[in-house]
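In what follows, a structure is listed as C-alpha cells, so that the remarks can point back to it.
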Amino acid sequence: MNRRYRKTIIAGNWKMNKTISETKAYAEAVKPMLGKPKWCEAVILVPPVNLQAAVRAFKDVKISVGTENCHYEVSGAYTGECSADMVKEAGAKYVVLGHSERRAYYNETDVDVNKKMHAALRSGLRPILCVGESLEERELGVTMEKISYQLKSALSGITAEQIRRVVVAYEPIWAIGTGKTATPAQAAEVCGAIRTLVRKTYGARVARSMSILYGGSMNANNAAELLANEDIDGGLIGGASLDPETFVAIVNASNQD
Ligand code: PGA
C-alpha cells in the first residue's frame, strides 16, 4: 500500500453466493465489528439480483457495493444478461470485469473485456479489471507477456480521463480458490509491472494514483504481509470474504495506522 498516493480497496467478490436474506444477515453481522473506514474502502461485489438489497443493507455500514459482470451492449436481445446502465441504476459503484472464471466458463475474450470496459465507464461505473496467468503460463515464463497482453487489450481506447476510474486486480489463476497464495514477492512483482505498463501509456501521475489489487486465496492470515508491499493496494477476496469476521479482519488490518 502507498496511502500517500492511492486508496486501499478491500473488495469481497461473493461470486454466486448468498441470497438477499443472507446478504442482510451478513450486513448485520459486520456492523458492530467494522472500524471507522480511514485508509481503506471496503467493497462487496454481489450478483446483480442482490444489488438493491445490498446497497440498502450496507448503507449504514460504510461498505460500497458493486457487481461481478455486465454486458457490453446498452440493450438488446441478450437473454439473461444485464447492461452496465442496469447495474449502475440498481446501485453498483464497482463492476468486476475479465474475471478468470468468466473468461474460462463463459468464453469471454479480451475483445469482450475491452468492450465491457468501455460500457462500464460510459455508465459511470468503476471497473475492477482482472488479469492473471495460469500455472502453465507461469512455468513457461510468459507471465508478464500474458498480463501485458490482457492489460493492453482491456485498456485499448480508454482515455486519460477514464483511466482514473479503473482499478486493476492481479489474480493468478492458479491461486484462485486453491488455497495457494502467490508469495508477497510474486504478487508485488506483477503488481509493480502493471503499474509500469500503465505509466508507459498514461504517465506517472495516473500510474502513481491507480489502486492495483491482489487476488487469489487472500485471507486474514496472509493479507497484512501482502498489503505491506508498496505496489499492492488492496485485495479482491473470494472465499474468505463470505465470512463476515474474516472479511472485517482483513479490512481492519488494512485500516491500521
Ligand atoms: P479466492 O477468489 O479468494 O477464493 O481465491 C478470488 C477471486 O476469484 O476474486
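Where a number appears in this text, it was derived from the coordinates with a stated rule and is not lab data. Not measured: the values here are computed from a predicted model. Because the Cβ atoms are built from the backbone with ideal geometry, glycine has one as well, and the counts that use them run over all protein chains shown.
Table for the structure above
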| item | result |
| --- | --- |
| CD proxy at 222 nm, helix term only [per DSSP H run n ≥ 4: -39500 (n - 2.57); per residue of the chain; nearest 500] | -11500 deg cm²/dmol |
| HIS71 long-range amide H proximity, modeled H, under 5 Å | CYS82, SER83, ALA84 |
| Of GLN186, SER217, ALA207, farthest towards positive along the dipole that unit charges on Lys, Arg, Asp, Glu beta carbons give the stretch 176-240 | ALA207 |
| For the chain, with +1 on Lys and Arg beta carbons and -1 on Asp and Glu, the positive-most of SER241, VAL61, VAL96 along the dipole | VAL61 |
| Rounded to 5, the percent of DSSP beta bridges in the chain classed as antiparallel | 0 |
| The stretch 8-253, dipole about Cα centre (Lys/Arg Cβ +1, Asp/Glu Cβ -1), debye to the nearest 20 | 840 |
| Dipole axis of the stretch 8-253 (+1 Lys, Arg; -1 Asp, Glu on Cβ), positive-most option in GLY132, PRO172, SER21 | SER21 |
| Estimated vicinal HN-Hα couplings, Hz - the stretch 234-242 in sequence order (Karplus 6.51, -1.76, 1.60; Gly, Pro = x) | x, x, 10, 10, x, x, 5, 7, 6 |
| Cut-off under 5 Å, modelled amide H: who pairs with ILE9 long-range | GLU41, GLY234, GLY235 |
